[in-house]
Amino acid sequence: MSEWVEIVVELPREAAEVMADAIGSLTEGVEVRDSDTIIRAGAGRAVIVTQCRPEAEAEVMTEIQDAADRMRGAGVSVEPLSVRRREAHEDEWRDVWKQYFRALRVGRTFLIRPSWDVPAAGPADRVIDLDPGRAFGTGGHASTRLVIMLAEEIADPPVSRFLDLGCGSGILSIAAARLWPQARGLAIDLDAEAVATTGENLARNQITTVETRVGSLDAAAGPYQVVLANIEAGVLGELAADFPPQVAPGGSVILSGILVDQADVVLAAFARAGFTLESRRDEDEWAALRLRR
């Protein structure tokens, strides 16, 4: 088992996205817990969990303090702020999900089942058998559910290629393959471990039509009829201008990971890139957008 240092940062929810961006740039990914996630934080609070190699710990800790100072300077409250660390084994990340992640229904037709909770499926169910591992995405967070619900509504044009950008656990790739079994897909993520987890979950669901790749949007080799992107609003805004070459004319982009008060900013960035709003869904504090090119 590999040794890691687990670092846990607790702070006000409104400061979580900036802190997660800062930490994520130095580690292999972060988990953000708030009042809407399976493992919950207190009301108005967020908990950011990451793991890094021991040799990277000092740099991560310095960046946490620097990010907090930058937010204070910009008038963003970060108090009370707490930072904890402990040594951890790699398998703990997988095991913790067994306490919280149970089978659940998403959208009109999807049943998502972890290996430790497998209820019988009905004849109309689209089943996703999923173990998240150390990657984000179980269907338990509103941002994931919203993408699946918006994808279920797509009927035209026929989908022959789809892209799952920031694939995490691979849940959206599996959902897309269930919705459009004749389509070919690409699941791509900057995190090599997330891509490996996606590959494991694709195999678990006997899906052979989705390729996996480590990389970002510029490595996606489009165009695609549908692009699914459940990633942070700030990243979506930065990437908006790079989306058009990856989306076929008349194709759809489904964006999530967006707080309700960030939706207009993301929408404006994509409008400048030539996209128009087709549908929007909100759940609690989260929004998802389906845009047409």
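The values are calculated or read from the model by the stated rules, or taken from the named source; none is laboratory data. None of these values were measured; they are calculated from a predicted model. Cβ: placed from backbone, ideal geometry, glycine included. Neighbour counts: every protein chain shown. Remember, those area values only see protein heavy atoms, side chains included, never the ligands or the DNA or RNA. Shrake-Rupley method; radii C 1.70, N 1.55, O 1.52, S 1.80 Å.
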task = Quick one: pull the percent of accessible area on region 142-186 belonging to carbon and sulfur, 1.4 Å probe, ligands and nucleic acids left out.
result = 51 percent
request  = Please report, in debye to the nearest 20, how large the charge dipole of the chain is about its Cα centre when each Lys and Arg carries +1 at its beta carbon and each Asp and Glu carries -1 there.
outcome  = 1140 debye
message = Counting heavy atoms of the protein chains only and a 1.4 Å probe, report the per residue accessible area for the chain as a whole number of Å².
response = 43 Å²
remark   = Carbon plus sulfur, as percent of the 1.4 Å-probe accessible area of region 1-85, comes to 51 percent
message = Just to be sure I understand the model, the point goes 7 Å from the Cα along the line to the Cβ. What's the resulting A74 to E57 distance in nm?
response = 2.9 nm
key: Fraction of antiparallel bridges per DSSP, the chain only, in percent to nearest 5   = 60 percent
inquiry  = From the helices alone, meaning DSSP H stretches of at least four residues, give me the mean residue ellipticity at 222 nm for the chain, per-run term -39500 (n - 2.57), in deg cm²/dmol to the nearest 500.
reply    = -8500 deg cm²/dmol
message = Tell me the angle of helix 142-152 to the major Cα principal axis of the chain, expressed in degrees between 0 and 90 and rounded to the nearest ten.
response = 10 degrees
